[in-house]
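The values are calculated or read from the model by the stated rules, or taken from the named source; none is laboratory data. Note that the coordinates shown come from a computational prediction; the quantities given were computed from them, not determined experimentally. So basically every Cβ, Gly included, is an ideal-geometry build from the backbone, and we count neighbours across all protein chains shown.
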């Protein structure tokens, strides 16, 4: 069994001091120690706070990236989802069409009102089918199919498509189309997409102001090999901080926008061998301009 | 002698489409039997039983392509018409390559299907005549 050591009391200690002095020194030491420890704690506290702030910042960054990733995934998943949706919807559409046509045959030559109704069913079924078709083609990464095009004719045709849109908004389109431009090599539908995108953006930019009504479309020969198309509005212009991000996927200044229009337009123009840029006008509004190479096979003119 | 109705078999995993096509083809005086899977079709219909097959491409289990292969491998001369709700660019070409009579994208016109069925049976008759 262990022998317990006897505790040495301060009375037996060789360096024991007189009580009052001892008390003072001990108290001073204690106070010093407390101050040191408090200072230490203060420093530690500040460090912890800084650490916590850094962590908060890192968390925010992670959250941002996560949101962006989610968005990209959502859009990727969106394509997948739309594709399977198109498949799913095509089945009942097929069934409805078959039923309507079967009923038409069953009542062939009779019941004209019923025949008419059945035809309406078939027509509307066609409309829905067409929507699916368009949805599907939207998803496809379309390689442009090139043909020789007259850019001025293309612009005029495109504007004719949306003339009602323009007049209803009380805006006016002005054309400055250079004469005798050589033909370009282009995919008609895709270039129309680009034009529609730029025009529609310009119309939106001019929405809020009643005194800026004019949208200018200009074509010119930039050089021997290149044609330039400009879409110029007198709307609200592009804020400087948005300039860099303008053509990026998912960038949009519209609350319900998908942010795909300009990035798609740019890829189309680039696939044609051209460039799509934007600049703010010296006055009001912005100009979106793109170049397209001249159709070399036709030579000059 | 009563004229026998031509037999049409439909294999599609979508019951809605099966039912609608049966109703439609019946108005064209065909005798229609439908199946929701290739397996249930093979179980019920012997390969020497005549009749055109309207075959959906995208199905769980044996899909349209695999089904057509099995039909060819069995030596059966059964004419096959492919249908699909999916949009595949080369499906029509592929269908012809594997010996089908044709390919239709849903939703399709009833008359288009019937035209293909008639082509199929004409071909078959021609083949039968040649064999005689």
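Looking at region B:1-89, the helices (runs of 4 or more DSSP H) lying wholly inside it that each contain 2 or more residues that are within 14 Å of another protein chain (Cβ to nearest Cβ) and in contact with a strand residue (DSSP E or B) (Cβ under 6 Å, 6 or more places away or on another chain) sit at B:15-27.
Listed here are the residues, each with its yes/no results for (1) more than 28 Å from the chain's Cα centre (by Cα); (2) assigned by TED's automatic domain parsing to the domain that holds residue A:229; (3) free of Cβ contacts under 8 Å to residues at least 24 places away in the same chain; (4) closer than 23 Å to residue A:291 by Cα.
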site	(1), (2), (3), (4)
A:115	yes, no, yes, no
A:119	yes, no, yes, no
A:131	no, no, yes, no
A:153	yes, yes, yes, yes
A:158	no, yes, no, yes
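Being modelled with pLDDT under 90, farther than 30 Å from residue A:138 by Cα, exposed (fewer than 14 other Cβ atoms within 10 Å of the Cβ) and assigned by TED's automatic domain parsing to the domain that holds residue A:124: is that true of residue A:51 here?
Working: modelled with pLDDT under 90: yes; farther than 30 Å from residue A:138 by Cα: yes; exposed (fewer than 14 other Cβ atoms within 10 Å of the Cβ): yes; assigned by TED's automatic domain parsing to the domain that holds residue A:124: yes.
When the stated conditions are applied, residue A:51 passes them.
In region B:97-132, of all residues being assigned to a helix (DSSP H, G or I), modelled with pLDDT of 95 or more and in contact with a strand residue (DSSP E or B) (Cβ under 8 Å, 6 or more places away or on another chain), the one that is nearest to residue B:30 (Cα to Cα) corresponds to B:117. Screening residue A:171 against (1) buried (at least 17 other Cβ atoms within 10 Å of the Cβ); (2) under 30 Å from residue A:97 (Cα atoms) leaves a single unmet condition, (2). Of all residues in region A:184-201, none that is free of Cβ contacts under 8 Å to residues at least 24 places away in the same chain has its Cβ atom under 9 Å from the Cβ atom of a residue that is part of a helix (DSSP H, G or I), 6 or more apart or on another chain.
Being surrounded by 14 or more Cβ atoms within 10 Å (Cβ to Cβ) and within 23 Å of residue A:132 (Cβ to Cβ) is true of residue B:92. For region A:141-163, the criterion of being part of a helix (DSSP H, G or I), closer than 30 Å to residue A:205 by Cα and facing another protein chain (nearest Cβ under 9 Å) is met by none of the residues.
For region A:117-126, indicate whether the set of residues that are at pLDDT 95 or above and more than 14 Å from chain B (Cβ to nearest Cβ) is non-empty. Looking through region A:117-126, at least one residue is at pLDDT 95 or above and more than 14 Å from chain B (Cβ to nearest Cβ).
Taking region A:88-140 as the range and being closer than 30 Å to residue A:273 by Cβ and not in a helix (DSSP H, G or I) as the test, only A:140 passes. Taking the criterion of being touching a residue at least 60 places away in the same chain (Cβ under 8 Å) and either more than 14 Å from chain A (Cβ to nearest Cβ) or in contact with a helix residue (DSSP H, G or I) (Cβ under 6 Å, 6 or more places away or on another chain) (or both), the residues of region B:97-116 that qualify are B:106, B:110. Of the numbered criteria (1) buried (at least 18 other Cβ atoms within 10 Å of the Cβ); (2) over 17 Å from residue A:91 (Cα atoms); (3) in contact (Cβ under 8 Å) with a residue 40 or more places away in the chain, the one residue B:41 fails is (3).
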